[in-house]
Every structure is written in C-alpha cells, then in structure tokens.
Amino acid sequence: MAQSGPGVIEIFEDFTGPEWIIAETAASGSSGLFRVVGQGVADADAGITILESDATGGGLNGVAQMVSPNASDNDAIFFTTSMMFDVAKMGTIIAEARVRLPDLDTKEVFFGFSDLNTDTHSMEGVLIHGTGTTTTLTASDLVGFHFSSEYTDDDDWHGVYNGGTTTGQTASGSTDLNDDAVAGEFQVLRLELAPNGRVEWYIDGVLKQTVAGAVSTSVDLACQLGLEIKATGSNELLDVDYILIRANRDWTV
C-alpha cells in the first residue's frame, strides 16, 4: 500500500467541552474523542462532566470528571478507543494520561490497554481486580496502571500485564511501582509499548518498571481509562486533564 499520508496516529483529548452528561441513560456514548462505556453507565447519576474554571475544583486546561455508577460494587465507567492497536505493527505505542483522584477510598482505576471494550465493561468482572496481595488478571490481554483501594498497599500504583511472552504477575508486590497516588493531586501516567512487546511504565516522567514480553505482539488492543466503585451508595470520581495516544500507522491494511 502507498505510504504517502500521515504516518503517525495521534489521539489527544484535552476535554475542552463535550460531555457524556449526568442523567444520560444510553448504554454507551461519547465524550470528545472517546467512547464512554461501563457496567451501569446508563444509570442516571453516572457520566462525564467537564469542570468549569478553577472555581469548580480545577477546571483550568480542560478537565473531565468521570462519575461512576453506584448501584453495585463493580459498576464502572470507561473512556475507550476501538480495538485499533497492534503492538508489532504499530509500535512503539505511547499512552499518557494526567489524572487526579479526589480521594483514595473504595475504588479501582485502570489506565492502559486490553482486548475488551464492551458496553458493559467492568474491572472486577472482566478485566482486573486487586485485593490484599493478589491481583486477579481476568482479561487474557492487558497492560497498564492499576490502583485498587483493596490492595494491602492500597495507595500505590501497580504496573500490571498479561498475555505476552512473560507470564502476568498475580503477586501484587511484584508489580507495585512504589509510587503513591496522592488525593487531590494530578499525576502523569505514561506507557511505552515497543514492537517486541517490551513495556515501560513512567509516573511523572520517572521510569518505574520495564518488562520484556509484557504484552502480546499479535492481539488487537483498545486503549482505555476506567474507574470502578468498590462500595455501593456513593459515586466515585476521577479527574482527567488529558489523554494522549500515539502510534505508527499500519500501512499493510
């Protein structure tokens, strides 16, 4: 095929306006450049709102606030792309997000890639779950950052993976990045997926983990950022300043 057009795919969402408004009751929708999915996302109290000005808790730069459903303890809300990334054909693939947790209680967060993105996407049910010192890798293919308030080390980000030539770690101590999420403060999470399946995890520009063969080089993946509740009755929040994804175009299709 001809290779005369843009050779790099870049998705950059700065959340300057489009919302998936609270009280929207469709099974999925969109906000900016991303599809919005998740188990319970059709509930009337879940959605994506855009913070307005610094007076609303830091809306400068354009900040989306993910508001989870709250009916059951694995209700979730996700930003996701389509299944559009092949590591071997399109790497090095970069995914970066600047995120802020208002608090660190009763929630799980995932930012990375997986081979799942259904309307009823959840973390505990289909993707990943962390409790005590154990990580349950439900999805056959995933790589990314994971935060769970149910881990023994419940403040730290973990660098999780499954599906590559290196077996996914289920002992949370082996994926603990030793970098605490801090309530009310933004952090920059960055993944770099090389064509051979090697993955590097960075937090605020500092390399935290490198794993060879962490991700499949043949399975099509979606990039996603998700938030799930771990206790019923209250909506959980995750603020997102931006999401950046960069990959090489596959000219063979």
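The values are calculated or read from the model by the stated rules, or taken from the named source; none is laboratory data. Here the structure is a predicted model, which is why all the values come from computation and not from measurement. FYI the Cβ positions are ideal-geometry reconstructions off the backbone, even for glycines, and counts take in every protein chain you see. Side chains are part of the model used for accessible areas, which takes the heavy atoms of the whole protein and leaves out ligands, DNA and RNA. Shrake-Rupley method; radii C 1.70, N 1.55, O 1.52, S 1.80 Å.
Observations
- Dipole moment magnitude, nearest 20 debye, region 157-204 about Cα centre, only Lys, Arg, Asp, Glu C-beta charged: 280 debye
- The value obtained for region 178-221, namely the Cα convex hull volume divided by the number of residues, is 84 Å³ per residue.
- In the chain, a dipole from Cβ-located charges (positive for Lys and Arg, negative for Asp and Glu) runs towards its positive end, and of Asn70, His129, Ala247 it is Ala247 whose Cα lies farthest in that direction.
- Theoretical gain in end-to-end length, Ser174 to Thr136 [0.36 nm per residue, Cα-Cα removed]: 12.4 nm
- The sum of -39500 (n - 2.57) across all DSSP H runs of n ≥ 4, divided by the residue count of the chain, sets its helix-only mean residue ellipticity at 222 nm to -500 deg cm²/dmol.
- For region 180-253, the pair-distance distribution built from all alpha carbon pairs, in bins 10 Å wide starting at 0, is 13, 38, 32, 14, 2 percent.
- Whole-percent carbon and sulfur share, accessible surface of the chain, 1.4 Å: 49 percent
- Computed about its Cα centre, the charge dipole of region 99-253 is approximately 600 debye, with only Lys, Arg, Asp and Glu carrying charge at their Cβ.
- Each residue was assigned an accessible area with a 1.4 Å probe, and for Leu207 the value is about 80 Å².
- Across region 110-157, the volume of the C-alpha convex hull divided among the residues equals 68 Å³ per residue.
- Most mobile of Glu124, Glu52, Glu228 in a GNM of the chain (Cα contacts under 10 Å): Glu52
- Compactness of the chain, taken as the C-alpha radius of gyration over 2.2 N^0.38 Å, stands at 0.94.
- Full extension of the segment from Thr152 to Asp54, taken as 0.36 nm per residue of separation minus the current Cα-Cα distance, would add 31.8 nm.
- Note on exposure: Thr106, Thr118, Thr175, Thr16 ranked by accessible area (1.4 Å probe, complete protein assembly) read Thr16, Thr118, Thr106, Thr175, with the most exposed listed first.
- Spatial separation of Cα centroids for region 45-87 and region 139-175, in angstrom: 22 Å
- Computed with a 1.4 Å probe over protein heavy atoms only, the accessible surface of region 61-136 comes to 29 Å² per residue.
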